[in-house]
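The values are calculated or read from the model by the stated rules, or taken from the named source; none is laboratory data. Just so we're clear, the structure is a prediction, and the values are computed from it rather than from any experiment. Cβ: placed from backbone, ideal geometry, glycine included. Neighbour counts: every protein chain shown.
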2 protein chains.
Amino acid sequence: MTKVDKIPEPTIKRLAFYSRPLEDLLESGPPVISSERLADLCGVHPAQVRKDLAYFGEFGVRGVGYDVRDLLHEIKRILATDKAMPLCIVGVGNLGTSLIENENFRKRGYVFKAAFDSDPEKQGQKLSCGLIIEPNQRIREVCRERDIEIGVIATPRHGAQRVCNLLLDAGVRGILNLAPVQVRTSGAFKAENVDFTVKLENLAYHLHRLDESDG
Amino acid sequence: MTKVDKIPEPTIKRLAFYSRPLEDLLESGPPVISSERLADLCGVHPAQVRKDLAYFGEFGVRGVGYDVRDLLHEIKRILATDKAMPLCIVGVGNLGTSLIENENFRKRGYVFKAAFDSDPEKQGQKLSCGLIIEPNQRIREVCRERDIEIGVIATPRHGAQRVCNLLLDAGVRGILNLAPVQVRTSGAFKAENVDFTVKLENLAYHLHRLDESDG
DNA sequence: CTTTTCATGTGCAAAAATTCACAATGTCTT
DNA sequence: AAGACATTGTGAATTTTTGCACATGAAAAG
């Protein structure tokens, strides 16, 4: 299907970037876009855009550019966001709630099918989306029942690895971890860690560096 | 101060990773750690750890390893998390609230000094941390007054770039953007974008790929 | 005091990712 | 129908990042 076996990881990340402005253009914008313009909208190099897309086929027309509708469709197919993907969340605090209610998740086919929390106070509560908060003990049973594919961890830091293990044991194949630890998975299971503070520390480093080189 | 002028960007990211297990070890664990063990805890290669650290000095003792306390201290100094860093947040929804109340931010010296929202309903409300939600029109005035260094954007997608411009105009030097767009900055200003759905799409791609190669 | 042990720090090689530069190839104009 | 023009797709060059392999140096043991 694809030209090479191994697609670079950064390419996958950028495909998701590319889809954002394409969605806007689809609603209001010219029906065709050049690699130069798309690159500019995403803050990357035009050749990068072309090379990234070329891994998966020849989607463009020389001298013209890429058809916005077609390209978006292709990217969604590649990233498998054209199908519904059942998720569950563990940890229904502020962060968890904001994810469950997040528009962008639903819009891309990510549907929360279950919510868990270890706090007995919260268990049994009904969320705005209709889900009932279940105790962590039921992770295994419920995930198998509802064919959950991806587990989202929004617990405090110290519970995260334990929850991760529970989820993998429950047949979940991927983990999105928002607790500030690197959770570890074995074998074919994949975990993505999102850590806001890492990004902040990055900013702080660069700001601080500027100060030093100035003074 | 440092051995080379240009420190690789991935190195900075990893320094933040390294600090996580070090904080745990500081509380309960051996006072010394080898690059091998630290690498293992962070899921990277041991030589990578050594090389990353070596950019900033010789922190280890040959034949022994790194003193946990010293190393953590050095990393915090490098990342400038040893000083308080004044933040503001724009967009006090679920996500915004969860950030303001986030323990890890405070623990690393990131203090929210102002909160803004464009919704008149929210303006004037008092948050649990004591801050009063201000209208976006006051961003310029308040940020200058309180010497805000970094602005966190937790608005819906479409307002993000406008808010970013407001913040930069208000003298903020870095942006942490949590809306699913790439916000653009000019000159010395730096923006970090955090997009959960990008990570999910990454997971989805890999899961889907496994399916295909199986069947 | 010498030897052994162990893990760091680092020059160098390999791998990965990015960018360049241009041939290929489509559309538009006349 | 032919030439001008624009933009893709891609091999080659460059840059960046990672990993190897070993000399180096500190501590512990004999």
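Across the stretch A:5-27, what is the total count of residues that are away from every other protein chain (no Cβ under 14 Å) and out of contact with any helix residue (DSSP H, G or I) (no Cβ under 7 Å at 6 or more places or on another chain)? Count: 0. Considering B:Phe196, B:Phe189, the condition of being facing chain A (nearest Cβ under 8 Å), of a type in the set (Phe, Trp, Tyr) and touching a helix residue (DSSP H, G or I) at 6+ places or on another chain (Cβ under 8 Å) is satisfied by B:Phe196 alone. Among the residues of the stretch A:146-156, at least one is among the hydrophobic types (A, V, I, L, M, F, W, C) and over 24 Å from B:Glu101 (Cβ atoms). When we screen A:Leu87, A:Leu72 for residues that are within 23 Å of A:Val152 (Cα to Cα) and of a type in the set (A, V, I, L, M), the only hit is A:Leu87.
Just checking, does the stretch B:44-52 include any residue being surrounded by fewer than 17 Cβ atoms within 10 Å (Cβ to Cβ), within 20 Å of A:Glu212 (Cα to Cα) and either under 17 Å from the mean Cα position of the chain (by Cα) or within 13 Å of DNA strand C (Cβ to nearest atom) (or both)? The answer is no, given that none of the residues of the stretch B:44-52 is surrounded by fewer than 17 Cβ atoms within 10 Å (Cβ to Cβ), within 20 Å of A:Glu212 (Cα to Cα) and either under 17 Å from the mean Cα position of the chain (by Cα) or within 13 Å of DNA strand C (Cβ to nearest atom) (or both). Looking only at residues of the stretch B:149-159 that are within 11 Å of another protein chain (Cβ to nearest Cβ) and surrounded by fewer than 24 Cβ atoms within 10 Å (Cβ to Cβ), we find that the one that is nearest to B:Pro135 (Cα to Cα) is B:Pro156.
Please find, within the stretch B:28-71, the residue that is nearest to DNA strand D (Cβ to nearest atom) out of those that are in contact (Cβ under 8 Å) with a residue 40 or more places away in the chain and within 14 Å of another protein chain (Cβ to nearest Cβ). Restricting to residues being in contact (Cβ under 8 Å) with a residue 40 or more places away in the chain and within 14 Å of another protein chain (Cβ to nearest Cβ), the top hit is B:Asp52. Entry remark, the stretch B:43-81: residues being at pLDDT below 95 and within 21 Å of A:Val183 (Cβ to Cβ) number 1 in total.
Residues that are of a type in the set (D, E, K, R), within 16 Å of DNA strand C (Cβ to nearest atom) and not in a helix (DSSP H, G or I) within the stretch B:60-104 comprise B:Arg62, B:Asp67, listed in sequence order. Taking the criterion of being in a helix (DSSP H, G or I), among the hydrophobic types (A, V, I, L, M, F, W, C) and either within 9 Å of another protein chain (Cβ to nearest Cβ) or in contact with a helix residue (DSSP H, G or I) (Cβ under 7 Å, 6 or more places away or on another chain) (or both), the residues of the stretch B:166-186 that qualify are B:Leu166, B:Leu167. Working only within the stretch B:110-121, note down all residues that are surrounded by 18 or more Cβ atoms within 10 Å (Cβ to Cβ), more than 8 Å from chain A (Cβ to nearest Cβ) and either part of a loop (DSSP other than H, G, I, E, B) or within 14 Å of the chain's Cα centre (by Cα) (or both). Scanning the stretch B:110-121 gives B:Phe112, B:Asp117.
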